[in-house]
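The values are calculated or read from the model by the stated rules, or taken from the named source; none is laboratory data. What you see is a predicted model; the values in this text were computed from it and never measured. With ideal geometry, Cβ positions are generated from the backbone for all residues, glycine too; neighbour counts draw on all protein chains shown.
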Amino acid sequence: MPTTKINLSRRTLLLAGAAAVPLASIPVYRARAAGLEEIELQQYLPVFFTADEWRFVMAACDRLIPADGKGPGALETNVPVFIDQQLHAGIGGEVYMDGPHKDDAAPTLGFQHNHTPQQMYRLGIKLAQQYSQQTHHKPFEQLAPADRDAVLTGLQKNTISFADLGEPSLKASQFFGQMLDDTKNGYLADPMYGGNKDMKAWVAISFPGARAAYTEWVDVHDVKYPLGPVSLSGKRA
């Protein structure tokens, strides 16, 4: 986000994510709908999110990876399409959900929530919108960019308390973390999953994608990769 409060620059996000795609600890499902690699975001009809939830997700993704840096933003790369498709396809459905759940558990211990990703989005969006209305008297998507950043920062740091909003079973940071992970996954995953439209994110970080061989470039440093990425479907950026 473009604010020091979040302590997460676009450059940091890209460099951290480029090393491992996907980034989240739960599996990524191939998008079910055909033609998602070609669809324009404004033409897409969500299959998991309601219309109100979709507006929140669009606005949140736009601030998590905005389009005012050196690379494309989340909306330019259809990240919301990726998130919607993953939730519709059942992401998290094969995750072990029984406790105990620990906030400080090592990443190798996997999913540590008592809500599925679908439940976190439904509850998290509802409560974030409730907070936005109470604090700013507007829905989240109608807030100025700085105010949207402030709400997202509050979610990330738990200064917005979901317990105070009537839901003690879910922390705001858990919802924010799931949404941020999914946003990074959608930005950097292969376009067949619905995001990373036209491999724009891969082009921005000079990631070769699914090229059959590029070992000759592994040890070449400080030189821009010249060939451009290739998707799993064989398309070239």
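Things to note:
- Matching residues, the stretch 67-91, being more than 12 Å from the chain's Cα centre (by Cα), under 23 Å from residue 144 (Cα atoms) and not basic (Lys, Arg): 67, 68, 69, 71, 72, 76
- The set of residues in the stretch 197-224 being within 26 Å of the chain's Cα centre (by Cα), part of a loop (DSSP other than H, G, I, E, B) and surrounded by fewer than 18 Cβ atoms within 10 Å (Cβ to Cβ) consists of 206, 208, 210, 211.
- Residue within the stretch 116-128 that is modelled with pLDDT under 95, hydroxyl-bearing (Ser, Thr, Tyr), crowded, with 17+ Cβ neighbours inside 10 Å and within 22 Å of residue 82 (Cβ to Cβ) present: yes
- Considering each residue of the stretch 11-23 in turn, none proves to be under 16 Å from the mean Cα position of the chain (by Cα) and either within 25 Å of residue 132 (Cα to Cα) or at pLDDT 55 or above (or both).
- Given (1) among the small types (Gly, Ala, Ser); (2) assigned to a helix (DSSP H, G or I); (3) in contact (Cβ under 8 Å) with a residue 24 or more places away in the chain, index of the condition residue 177 fails: (3)
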